[in-house]
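Visitor: Mind having a look at this structure? Questions to follow.
Read-outs throughout are calculated quantities, based only on the coordinates presented, and are distinct from any laboratory measurement. Predicted model only: the values in this text are computed from it and were never measured. A quick note on method: Cβ atoms are made from the backbone with ideal geometry, for glycine too, and the neighbour counts reach across all protein chains shown.
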């Protein structure tokens, strides 16, 4: 049985991962901004045994909330061995940005990169103690290549991919394995206005939950570092 922290579980991907791992018998500590957002959902705490799920207030822009979340998890479960990062925002700020766009650029970097770095940093000691720690990060194909002119978003994801590589190196001897999942379009709210590809032909949140479930069951020597998911042809 694993004890798993999941950030961004109110979003399509995170909520499906949390649901899948609850069904697998694992314990889940969820960090979300709006505690009311999961009421009536498939991970509503009223639907699951109290000893299996913990809901925490977590705002990626608030470092103190990350510390409180980890402390609450330790107090309830005694520790944890897995961290899954699903938090992220989309920005359409281009390379030739306007002066007034700088706040959005910094916010994109803070949410998509620095907040995840901070959460992994704060979790590191506990993952090290587990001797079988796992970190899974939803990066994006935009962390592997740049298409179009989404400069702020792509830059934040490239930085995140680099962080994953650094964590892989740092955690190797402590048996912490890191996996960066890099999907193209996923059928979530972020892609609701995309018309270039049908929603049914996008990667589905349930598919990513299945991938995460498989990763967590693999032995240490067989955990992939990078998984690229193509719902369309990449050139």
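Visitor: Enter the Cα centre distance for the pair segment 1-55 and segment 139-207, rounded to the nearest angstrom.
Guide: 21 Å
Visitor: Would you mind checking the tilt of helix 205-217 against the longest principal axis of the Cα atoms of the chain, expressed as 0 to 90 degrees and rounded to 10?
Guide: 50 degrees
Visitor: Once you keep just the Cα pairs under 8 angstrom separated by 6 or more residues, what percentage relative contact order results for the chain?
Guide: 20 percent
Visitor: Roughly how many nanometres apart are two label points built 7 Å out from the Cα toward the Cβ at residue 76 and residue 33?
Guide: 2.1 nm
Visitor: Something else: With the Cα gyration tensor of segment 138-235 giving a ≥ b ≥ c as the square roots of its eigenvalues, does the rule (a/c under 1.5 for rounded; else a/b larger than b/c for prolate; else oblate) give rounded, prolate or oblate?
Guide: oblate
Visitor: Using Cα atoms only, what is the angle between the long axis of helix 63-77 and the major principal axis of the chain, expressed in degrees (0 to 90) to the nearest 10?
Guide: Here the helix axis deviates by roughly 30 degrees.
Visitor: Quick one: angle between helix 12-23 and the longest Cα principal axis of the chain, in degrees between 0 and 90, rounded to 10, please.
Guide: For helix 12-23, the angle is close to 20 degrees.
Visitor: Per residue of the chain, what 222 nm ellipticity follows from adding -39500 (n - 2.57) for every DSSP H run with n ≥ 4, rounded to the nearest 500?
Guide: Theoretical 222 nm ellipticity from helices: -11500 deg cm²/dmol.
Visitor: Please give the contour-minus-distance gain from residue 218 to residue 96: 0.36 nm per residue of separation, less the Cα-Cα distance, rounded to one decimal in nm.
Guide: 39.5 nm
Visitor: How much length is gained on full extension from residue 1 to residue 147, taking 0.36 nm per residue of separation minus their Cα-Cα distance?
Guide: Length difference between fully extended and current span is 48.6 nm.
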